[in-house]
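Reviewing the structure listed below.
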Amino acid sequence: MQTEHIFPHHHILGMEQFSRQDIAHILATAESFREISSRSIKKVPVLRGRTVVNLFFEPSTRTRLSFEVAAKRMSADTFNISASTSSTTKGETLIDTARNISAMHPDVIVLRHSSSGAPQLLSRHVQAAVINAGDGAHQHPSQSLLDLMTVQEHKGRLDGLKVAIIGDITHSRVARSNIQGFTTMGSAVHVFGPSTLLPLHIESLGAIRARSLHDALEGADVVMALRIQRERLHDPLLPSLREYAQRFGLSRDPMAWAKEDAIIMHPGPVNRGVEMNPEIADSPRSVILDQVSNGVAVRMALLYLVGNA
């Protein structure tokens with residue numbers, strides 16, 4: 001594994017905690033784990049004897065499965081707890097749930113929660129390392145790291161790139177994490193979406209607010225469409241999904257403004273015909289499935305780094 005940089009973090013809570021050196025170290029560690037997934041026997045003993053608890057209070061397919069796969073490929077003992085099977089359904093608080101889990105001495109707790117700040121709260125009440133697998137509209141650090149890995153794989157660098165993020169920025173923890181992650185690594189992040197779904201303070205995170213879809217996409221090296229999070233849209237912030245697709249969705253014509261070798265990304269799941277047309281989602285420029293594959297390697301790296309701290 002990478003030994004030239006001592007990883008200083010016990011918890012993985014948000015991208016703001018990482019320096020450029022930290023991110024480079026995580027990506028290098030993930031790269032060293034990537035080939036394990038292509039072996040006939042996909043297992044190494046680096047976390048043998050460690051216990052990883054996946055505590056998910058929100059629905060998830062890719063994130064939950066990839067953390068579970070990552071832990072098992074490193075020989076850790078894994079346990080999955082969902083909201084429907086936890087004692088929170090009986091009125092137990094998150095802190096009490098965490099304290100009871102902590103009393104069983106796990107080494108890592110991976111938490112996904114609908115409330116922003118839940119992983120930070122949890123980290124103050126347990127001895128185990130806490131990894132934020134998504135908290136409300138706040139942060140999703142492992143998603144940002146796998147996105148950085150995917151871009152670096154296809155572009156050979158992160159510094160000096162133009163990254164366009166299109167869609168619902170307000171409710172997107174992926175957008176916040178990626179703005180911080182890409183800007184830390186030297187990319188320029190341009191954001192665009194409906195005015196009702198663009199936070200007024202977005203520039204304070206380091207993003208550049210584009211004036212139009214054309215301005216966002218023109219000369220872009222990387223184009224990321226965000227999922228319309230209908231479960232978080234409690235107010236009529238969009239006239240209709242049809243109008244959104246017409247004005248903000250990715251199709252052949254607007255993608256012509258980006259660089260010819262621009263790659264297309266999406267954190268998933270994709271609402272086809274809304275955030276992007278099927279011809280874009282399935283085009284050779286799409287690296288969406290590479291993001292999923294790299295998610296396992298990145299989550300292996302994070303579990304390894306905090307599990308052996």
(request) For segment 153-167, indicate whether the set of residues that are among the aliphatic types (A, V, I, L, M), touching a helix residue (DSSP H, G or I) at 6+ places or on another chain (Cβ under 8 Å) and modelled with pLDDT under 95 is non-empty. (result) no
(request) Please enumerate the residues belonging to segment 169-183 that are aliphatic (A, V, I, L, M) and outside any loop (DSSP other than H, G, I, E, B). (result) Val174, Ala175, Ile179
(message) If a residue counts only when it is open to solvent by 30 Å² or more (accessible area, probe 1.4 Å), among the acidic types (Asp, Glu) and in contact with a strand residue (DSSP E or B) (Cβ under 7 Å, 6 or more places away or on another chain), which strands (runs of 3 or more DSSP E) contained entirely in segment 35-115 have at least 1 such residues?
(response) 77-82
(request) Considering only residues that are part of a helix (DSSP H, G or I) and charged (D, E, K, R), look in segment 135-168 and name the one that is farthest from the chain's Cα centre (by Cα). (result) Lys155
(request) Could you grab me the full set of residues in segment 184-197 that are surrounded by fewer than 18 Cβ atoms within 10 Å (Cβ to Cβ) and outside any strand (DSSP E or B)? (result) Gly186, Ser195, Thr196
(message) Checking Glu92 against (1) farther than 30 Å from Ser195 by Cβ; (2) modelled with pLDDT of 95 or more; (3) not hydroxyl-bearing (Ser, Thr, Tyr), only one condition comes out false. Which one?
(response) (2)
(request) Hey, can you tell me all the residues within segment 210-227 that are of a type in the set (A, V, I, L, M, F, W, C) and either closer than 22 Å to Asn271 by Cα or under 21 Å from the mean Cα position of the chain (by Cα) (or both)? (result) Leu213, Ala216, Leu217, Ala220, Val222, Val223, Met224, Ala225, Leu226
(message) So in segment 37-82, with the set limited to residues that are without any contact (Cβ under 8 Å) to a residue 40 or more places away in the chain and touching a helix residue (DSSP H, G or I) at 6+ places or on another chain (Cβ under 7 Å), which one is farthest from Pro106 (Cα to Cα)?
(response) Lys42
(message) Take Ser286 and tell me if it is open to solvent by 20 Å² or more (accessible area, probe 1.4 Å), of a type in the set (Gly, Ala, Ser) and closer than 19 Å to Glu153 by Cα.
(response) yes
(message) Given the criteria of a type outside the set (S, T, N, Q), touching a helix residue (DSSP H, G or I) at 6+ places or on another chain (Cβ under 6 Å) and closer than 25 Å to Ile208 by Cβ, does Leu111 qualify?
(response) no
(message) Looking at segment 198-218 only, could you name the residues that are in a helix (DSSP H, G or I), in contact with a Phe, Trp or Tyr (Cβ under 8 Å, 6 or more places away or on another chain) and among the small types (Gly, Ala, Ser)?
(response) Ala216
(message) If the requirement is being more than 25 Å from Gln143 (Cα to Cα) and in contact (Cβ under 8 Å) with a residue 40 or more places away in the chain, which of these qualifies: Leu213, Leu238?
(response) Leu238
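The values are calculated or read from the model by the stated rules, or taken from the named source; none is laboratory data. Computed from a predicted model, the values in this text were never measured in an experiment. Cβ sites come from the backbone with ideal geometry, for glycine too, and all protein chains shown count toward neighbours. Please note that ligands, DNA and RNA were not included when accessible areas were found on the heavy atoms of the full protein model with its side chains. Shrake-Rupley method; radii C 1.70, N 1.55, O 1.52, S 1.80 Å.
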